[in-house]
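Rule-based calculations on the coordinates, nothing more; no lab input. This is a predicted model, so every value here is computed, not measured. Reconstructed Cβ throughout: ideal geometry from the backbone, glycine too, with neighbour counts over all protein chains shown.
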Amino acid sequence: MFKKMKLWNTPVKRNTINERVTRILEQPCPEHVAIIMDGNGRWAKKRALPRVAGHHEGMRTVRKITMLANQLNIKTLTLYAFSTENWKRPKFEVDYLMGLPEEFLGSFLPELIEENVRVTMIGEESRLPQKTRKAVDDAIGKTAKNTGLNLNFALNYGGRAEIIDAVKSIANDVKNEALTIEDINGPCFSRYLMTQALSDPDLLIRTSGELRLSNFMLWQIAYTELWFTDVLWPDFSETHLIEAVEAFQQRTRRYGGLNDEESKR
Ligand code: FPP
């Protein structure tokens, strides 16, 4: 069970974090942050614990980071919680991972509601166990009208599968004359993806030192700023999210063009 507790356990740390949050809020923040939460297994191994203990601790990190993202006025936080490839893991681990949404939302949904957080999901829901679907659907329903952070779980999600499904739907619509080939362009394609209601991620964070995208939001991250850290997901703290957002605020995004200064030269 999660106890409702203060995010930062010492006054000094809280003050430092609050000051950095205030400074961050003075500049444009990323609207959509996506996170590949990696390193749970290694975190557990370092402590001679079973891998699932790392996933459980990772779930606690989800709570902390959600609350801070909400405070930073981030509109969407997409968390890669289970990929289409994760079914290859041992049954015990898969079953454990499938139980986490129920445990997390069972404990934390009242706090999410209180904090005005809206829960959504991307991924193929039909393959999820009934109890997982029920927990997620219940949270989606109960938070649908909330206007704060959109906490978007990627569950049984794969970027390639999503693109293939979009292509099939587009082909069907062309066949049914709901769409012409000339209508197909970037914005049109985006409307056929599971993320149709979301802006593309501005910032992608991957923990644990791996430098891969692992089939995550392949279309959507074309111009996303990437931020990698060696920190394992269960150890990822508020300070790390703040560091990532501060780094984002130092970047110049040009989307393949030039900034004003460069254009004059
Ligand atoms: C990758 O680490 C992590 C996952 C496959 C699962 C991530 C899930 C959570 C953090 C919990 C999600 C919580 C909710 C509420 C749904 P890994 O196991 O591959 O780590 P390793 O590379 O060190 O082995």
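Computed values, structure above
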| read-out | value |
| --- | --- |
| Three-way shape label, segment 1-113, alpha-carbon gyration tensor, a/c 1.5 | prolate |
| Karplus-derived HN-Hα couplings along segment 91-100 (A = 6.51, B = -1.76, C = 1.60, θ = phi - 60°), whole Hz, x at Gly and Pro | 3, 4, 5, 4, 4, 5, 4, 5, x, 5 |
| Added length on full extension, which subtracts the Cα-Cα distance from 0.36 nm per residue, residue 200 to residue 60 | 47.8 nm |
| Residues 12, 245, 33, sorted so that the one with the fewest Cβ neighbours within 10 Å comes first | 12, 245, 33 |
| Antiparallel bridges, percent of DSSP beta bridges restricted to the chain (to nearest 5) | 0 percent |
| Sum of -39500 (n - 2.57) over DSSP H runs of 4+, divided by residues of the chain (222 nm, nearest 500) | -14500 deg cm²/dmol |
| The chain: relative contact order as a whole-number percent, Cα under 8 Å and 6+ apart | 26 percent |
| Theoretical gain in end-to-end length, residue 249 to residue 47 [0.36 nm per residue, Cα-Cα removed] | 69.2 nm |
| Which of 208, 126, 107 has the fewest Cβ neighbours within 10 Å, and the rest in rising order | 126, 107, 208 |
| Cleavage-rule hits (GluC sites (Glu not before Pro)) in segment 156-218: DSSP loop, at most 14 neighbouring Cβ within 10 angstrom | 177, 210 |
| Relative contact order computed over segment 70-186 (Cα-Cα under 8 Å; 6+ residues apart), in percent | 37 percent |
| Segment 30-94 - percent relative contact order, Cα under 8 Å, separation 6 or more | 44 percent |
| Charge tally in the Cβ shell below 13 Å around residue 73, where Lys, Arg are +1 and Asp, Glu are -1, residue 73 excluded | -3 |
| Ascending count of other beta-carbon atoms within 10 Å, so fewest first, for 140, 170 | 140, 170 |
| Amide H within-cut-off set for residue 152, under 5 Å, with H built and near neighbours excluded | 77, 78, 79, 120 |
